[in-house]
Structures are given as C-alpha cells and as structure tokens.
Amino acid sequence: MSEINRKPVFLTPNKVQPHYPLFVFLPGMDGTGRLLRSQTEGLEVGFDVRCLSIPLDDLTSWEDLTQQVVDLIELEIAKNPQRQVYLCGESFGGCLAIKVALYSPQLFDKIILVNSASSFHRRSWYSWVSQLINVVPRWLFPFGALGLLAVLASLDRIAPADRQDMLHTMRSVPPETVLWRITLVKEFDVSDVQLRQLTQPILVVASKRDRLLPSVAEAHHLSQVLDNVKTVFLPYSGHACLVEEDINLYDIMQIEDFLDRASQSELPYVVDY
C-alpha cells in the first residue's frame with residue numbers, strides 16, 4: 001500500500017479490482033491503516049479494498065474528517081457507479097463510519113462495525129486518562145505504548161511479527177494526536193433516533209475479551225436500536241481482533257450471510273471464531 005500523505009487518503013492494495021464491490025475500511029485510533037494488512041488478502045477474494053490513512057499530525061474535527069472521507073469515497077464510486085459499497089469501521093473508525101453513513105447514507109449498501117468506540121462514554125475512567133496525557137512527558141509515550149499493547153490485544157492470538165508492527169504503529173502516533181482523537185471520541189454524540197436512520201444491513205462484531213472498550217454491551221445496544229442488524233461475538237478475541245491470526249473478516253461475513261453474490265467465494269473451511 002502507498003505511504004501516508006499530508007491529508008487523509010486511501011491506501012490501495014497492489015491488487016486493484018475495479019469490477020468487484022468496493023470495501024472501504026476506516027481504521028482505529030492510530031489512523032494509519034497499516035494494521036489492516038493481515039485482513040487484506042482475505043478481503044480481496046471478493047472486494048476492491050480501500051483503507052483510510054489519516055496523517056499522524058492530523059487534528060481535524062469530526063465534521064471536516066467526515067467530509068474528507070465522503071469525498072474520497074465518491075471519487076472511488078465515480079470510477080464504477082454500479083458496484084456495491086461496503087463501509088467498515090473499527091474502534092475509532094467505527095465512530096467515523098457512523099458519522100460518514102449518516103452524512104451520505106445513499107452511498108453505502110452495507111455497514112460493518114468492529115468493536116466500535118461509540119461505546120466510549122460507557123467507560124468513565126477514560127476521562128481522567130485523557131487528562132493524564134496532558135501532563136505525561138512526551139518521552140514516556142513510547143514506553144506507555146508497550147503497556148497499552150497488553151490491554152489493546154490478546155497477544156497470544158497475534159503473531160510475533162504483527163505484535164511488533166502494532167507496537168511500532170502505536171509509537172508512531174504523537175501524543176497530541178492521541179489526545180485529540182480521544183477528545184473526538186469523548187465528544188461523539190449520535191442519538192438512537194439518528195442511528196435509526198441507518199436502514200442498510202449492518203454487521204456488528206464485538207470481542208468478548210475486549211479490555212479497552214465495553215464492545216459487547218455496545219453490540220447489544222446497537223442490536224436493540226437498529227432494525228436491520230446482525231451481531232457476532234468473538235469469544236476469545238481482544239479489542240484489536242482484526243490483527244489476530246484466527247480472525248478472518250471475510251469468512252465471518254460469509255458465514256453470517258452478509259455477502260452479496262458479487263462478493264462471494266467458496267468457503268474453504270469452517271471458521272471457529
């Protein structure tokens with residue numbers, strides 16, 4: 001995939017497939033999009049994949065970031081207006097996906113939310129953590145990332161090389177950016193009435209061993225609010241489930257009958273997630 005630009009861009013895999021349905025992925029708090037690499041090969045079985053990458057020093061508001069993402073998606077759709085569009089957001093990207101889908105609902109056929117950070121307000125201790133970031137010396141942040149990694153991921157389910165990649169990615173994000181994105185998530189305010197405006201089929205994926213966010217509770221909440229929703233609970237996964245070796249998002253979508261014919265392939269085995 002291409003390198004990060006000075007404004008949000010889409011990373012494009014080497015395998016561009018313009019006649020396949022478009023799969024747009026909005027990443028977690030790091031915003032780099034680098035950590036989707038473990039899922040890209042599986043998704044390319046049935047999709048033309050694009051992954052959002054946000055500059056490391058980006059301090060854009062929800063409104064501006066939403067508009068920028070919509071503009072990028074519209075440019076991709078213009079290349080083939082007839083194909084379906086799947087929108088997927090993980091963690092911070094889950095909040096952004098909801099914002100984007102509410103802003104331009106006509107663009108998307110299906111939506112996937114993975115451990116969405118829309119549950120952030122259910123963890124009150126995040127408020128004082130975000131304040132603590134203001135007083136922690138900048139040189140301590142690389143060491144703090146190491147401790148956060150154990151909270152963010154089920155390390156025994158992640159290959160050593162991917163663990164190192166996660167740690168490197170986390171350390172690359174400046175503390176000012178971390179604080180800003182935490183502030184955005186704290187300010188994320190979408191009512192149940194607004195959520196009900198999303199009429200597309202929605203797949204909600206939640207990790208039962210998420211130690212960072214109450215993703216299971218949020219999945220139950222979304223399933224009660226949304227009319228056209230399916231929920232999947234990953235019993236052994238942590239927050240960063242898409243980096244785990246045994247998790248294949250494409251297979252999950254196929255098992256849950258969330259794929260249209262244009263995106264389907266023969267499932268080679270039964271996945272125990």
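The values are calculated or read from the model by the stated rules, or taken from the named source; none is laboratory data. This one's a predicted model, so the numbers in the text were calculated from it and none came from an experiment. Because the Cβ atoms are built from the backbone with ideal geometry, glycine has one as well, and the counts that use them run over all protein chains shown.
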Check your understanding: Can you find even one residue in the stretch 212-230 that is closer than 17 Å to ILE98 by Cα, among the aliphatic types (A, V, I, L, M), in a helix (DSSP H, G or I) and modelled with pLDDT under 90?
Key -> no
Practice item. With the condition kept exactly as written, say whether any residue in the stretch 91-103 is outside any helix (DSSP H, G or I) and within 18 Å of the chain's Cα centre (by Cα). Key: yes
Check your understanding: Filtering the stretch 192-239 down to residues that are in contact with a strand residue (DSSP E or B) (Cβ under 8 Å, 6 or more places away or on another chain) and hydroxyl-bearing (Ser, Thr, Tyr), which residue is surrounded by the most Cβ atoms within 10 Å (Cβ to Cβ)?
Key -> SER215
Study note, to complete from the structure: Per the filter on the stretch 38-60, residues of a type outside the set (A, V, I, L, M, F, W, C), closer than 17 Å to ILE252 by Cα and outside any loop (DSSP other than H, G, I, E, B) are SER38, GLN39, THR40, GLU41, GLY42
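Name the residues in the stretch 197-211 that are in contact (Cβ under 8 Å) with a residue 40 or more places away in the chain and not in a strand (DSSP E or B), would you? Show your work before the answer.
If we filter the stretch 197-211 for residues that are in contact (Cβ under 8 Å) with a residue 40 or more places away in the chain, which is where we start, we get 197-207, 209-211.
Listed by number, the residues that qualify are GLN197, LEU198, THR199, GLN200, PRO201, ARG209, ASP210, ARG211.
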Check your understanding: Only one of (1) on the phi > 0 side of the Ramachandran plot; (2) in a helix (DSSP H, G or I) is not met by GLY31, so which one is it?
Key -> (2)
Practice item. Any chance you could count how many residues in the stretch 1-52 are of a type in the set (A, V, I, L, M, F, W, C), within 23 Å of SER116 (Cα to Cα) and touching a residue at least 60 places away in the same chain (Cβ under 8 Å)? Key: 12
Point to revise | LEU87 within 21 Å of VAL16 (Cβ to Cβ) and buried (at least 21 other Cβ atoms within 10 Å of the Cβ) | key: yes
Review point. With (1) in a helix (DSSP H, G or I); (2) free of Cβ contacts under 8 Å to residues at least 40 places away in the same chain; (3) closer than 20 Å to ASP246 by Cβ as the list, and ASP165 as the residue in question, which single condition is left unmet?
Key: (2)
Point to revise | Set LEU56, LEU107: member being touching a helix residue (DSSP H, G or I) at 6+ places or on another chain (Cβ under 9 Å), over 21 Å from LEU35 (Cβ atoms) and either crowded, with 19+ Cβ neighbours inside 10 Å or of a type in the set (A, V, I, L, M) (or both) | key: LEU107
